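Have a look at the structure below before the remarks.
Any read-out appearing in this document is the output of simple, stated calculations on the displayed coordinates, not a laboratory observation. Predicted model only: the values in this text are computed from it and were never measured. Because the Cβ atoms are built from the backbone with ideal geometry, glycine has one as well, and the counts that use them run over all protein chains shown.
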Amino acid sequence: MISIKTLSVDAAARRAMVMDLLAVTAGAVILIGASRAVLPLAPVPVTLQTLGVLLVGGLLGARRGVASVAAFLLLGITGAPVFAVGGGAAYLLGPTGGYLLGFLPAAAIAGSVARRDGANPLRLLAKLLLADAVVFACGLVQLRTLIPADEILARGLVPLAWGEVIKIAIAAIVLHRSMRA
């Protein structure tokens, strides 16, 4: 026999799953949109993806933020043109593959720190910088397999650094304000 209490728990669990699914889907859509803002530098284009990852992780939390990034990556790996210049599994073996894979731990870091440190803007900023640094560490490791070692920083970090500082600052402001609201 099924009780009314069991039905209400099941309904609440279903509602929570639907809300999680909607949040993850919205996060993936944000990342797709962020990949469309492209300044085509070689070998790594400038996009708003790192800003998107920091915001998605920070606003949705670690679990849903990582799930959003995973959904985005799975769409791209299966061939959907969601990455900055296309899609497909081979994309992860190219110059931006490491950066894309670095989005997973970055979303986790942003998600775990925003809730805990959102009220302290300097601590939040420092931890978002760490999350962004993880993206670049992963990206530069992958890039090292494709270009000479003496060109890695000049081609995979320096042209992107000022934009990253701005994106991290924007993410910190948005997350700090969202935690106070």
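Roughly how many nanometres apart are two label points built 7 Å out from the Cα toward the Cβ at L41 and V29?
In this crude label model, L41 to V29 measures out at 3.1 nm.
With just the Cα atoms of segment 117-181, tell me how far they stretch along each of the three principal axes, in Å, largest first.
Principal extents (Cα only, largest first): 47, 17, 14 Å.
In a shell of Cβ-Cβ distance under 14 Å around I30, excluding I30 itself, what net charge do Lys and Arg (+1) and Asp and Glu (-1) give? Please list the in-between numbers first.
Details: positive: R36, R64, K167; negative: none.
Once all neighbours under 14 Å are counted, the net charge is +3.
What angle, in degrees between 0 and 90 and rounded to the nearest 10, separates the Cα long axis of helix 4-36 from the longest principal axis of the Cα atoms of the chain?
With rounding to tens, the tilt is 20 degrees.
Does anyone have the angle between helix 62-77 and the longest principal axis of the chain? Alpha-carbon axes, 0 to 90°, nearest 10?
Between the helix axis and the principal axis of the chain, the angle is about 60 degrees.
For Cα pairs less than 8 Å apart in space and 6+ apart in sequence, what is the mean separation divided by the residue count of the chain, i.e. the relative contact order in percent?
Details: 279 pairs, mean separation 40.9, N = 181.
Contact order relative to length: 23 percent.
In degrees, nearest 10, range 0 to 90: what is the angle between the Cα axis of helix 97-117 and the longest Cα principal axis of the chain?
In the chain, helix 97-117 runs at an angle near 50 degrees to the longest axis.
Can you give the net charge of the other residues whose Cβ lies under 14 Å from the Cβ of A70, counting K and R as +1 and D and E as -1? Walk me through the intermediate numbers first.
Numbers: positive: R63, R64; negative: D20.
Local charge sum for A70: +1.
If R₀ is 25 angstrom, what is the calculated FRET efficiency for the pair T145 and V165, using the beta carbon separation as r and rounding to 0.05?
Details: r = 27 Å, r/R0 = 1.07.
Calculated transfer efficiency: 0.40.
Mind checking the full-extension length gain between V158 and A137? Use 0.36 nm per residue of separation minus the Cα-Cα distance, one decimal, nm.
Values: separation 21, 0.36 × 21 = 7.56 nm, distance 1.31 nm.
Result for the pair: 6.2 nm of gain on full extension.
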